Amino acid sequence: ANRKQEMEQLLASTIKHNYHMKLDLEQEVLKEVEVKNEKTGEKEKRKEWVWVPVPLETVLKDGKNYILVNPSGLGKTTFLTYAACALLDIDAPYPFLPLFFTCIGLNNRAGTIEDFIRRHVDSVYTGTQGSPVSGDWENLCILIDALDQARDVDDIVSSLLLHDKPLHYKKAKIILSS
């Protein structure tokens with residue numbers, strides 16, 4: 001099997017667990033739209049199925065972890081960047097602090113994924129006043145991009161989403177992007 005098929009199989013098996021799910025960045029919804037009647041020229045309202053972006057609030061507030069698996073060029077990295085920026089907004093209604101990095105960084109890590117994340121948290125959030133990240137990382141949203149560029153996708157996905165070990169980041173919100 002080629003790399004793409006391996007990724008698809010791994011993601012499909014990962015998505016079967018209850019605590020996270022695949023996320024398409026757009027969803028089809030029935031929406032009332034205004035259209036021009038071709039015969040009369042008048043505007044009329046009717047319901048149509050249209051594609052709309054998934055609201056960020058839905059993703060951040062539902063208590064689930066996600067894997068973004070849309071094709072290249074459809075906004076996965078933009079979505080993660082937007083999520084990180086929205087979480088940094090001081091007036092945001094979300095209970096999370098963002099931690100954004102790519103799997104390329106994970107490829108070059110020394111130690112475990114938990115060690116890598118802990119060092120990242122320390123370098124981003126530990127200052128003279130102490131870390132605003134809770135001890136169990138419950139208020140952390142880990143945003144990881146470029147999963148398809150990781151050397152050890154199995155290790156990354158299983159470490160982050162599948163194992164039942166008492167790891168710090170198990171209480172964090174996790175959004176992975178392929």
So is Phe116 more than 16 Å from the chain's Cα centre (by Cα), at pLDDT 80 or above and open to solvent by less than 70 Å² (accessible area, probe 1.4 Å) or not? yes
Which of the residues spanning the stretch 137-152 are part of a helix (DSSP H, G or I) and open to solvent by 10 Å² or more (accessible area, probe 1.4 Å)? Asp148, Gln149
I'd like to know if the stretch 90-111 contains one or more residues that are of a type in the set (A, V, I, L, M, F, W, C), open to solvent by 50 Å² or more (accessible area, probe 1.4 Å), in contact with a strand residue (DSSP E or B) (Cβ under 6 Å, 6 or more places away or on another chain) and under 18 Å from Ala150 (Cα atoms). yes
When you scan the stretch 74-84, do you find a residue that is open to solvent by less than 50 Å² (accessible area, probe 1.4 Å) and in contact with a helix residue (DSSP H, G or I) (Cβ under 7 Å, 6 or more places away or on another chain), even just one? yes
For Thr78, are the conditions met, namely being at pLDDT 75 or above and among the hydroxyl-bearing types (Ser, Thr, Tyr)? yes
Would you call Glu38 at pLDDT 80 or above, among the acidic types (Asp, Glu) and loosely packed, with under 15 Cβ neighbours inside 10 Å? yes
Members of the stretch 76-96 that are touching a Pro at 6+ places or on another chain (Cβ under 8 Å) and either of a type in the set (Val, Ile, Thr) or more than 11 Å from Leu143 (Cβ to Cβ) (or both): Leu88
Considering only residues that are in contact with a Ser or Thr (Cβ under 9 Å, 6 or more places away or on another chain) and hydrophobic (A, V, I, L, M, F, W, C), look in the stretch 57-72 and name the one that is surrounded by the most Cβ atoms within 10 Å (Cβ to Cβ). Leu68
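The values are calculated or read from the model by the stated rules, or taken from the named source; none is laboratory data. From a predicted model like this one, the values you see are computed outputs, not experimental measurements. Glycine also receives a Cβ, built like all others from the backbone with ideal geometry; neighbour counts cover every protein chain displayed. Calculation scope for accessible area: heavy atoms of the full protein, side chains included, ligands and nucleic acids excluded. Shrake-Rupley method; radii C 1.70, N 1.55, O 1.52, S 1.80 Å.
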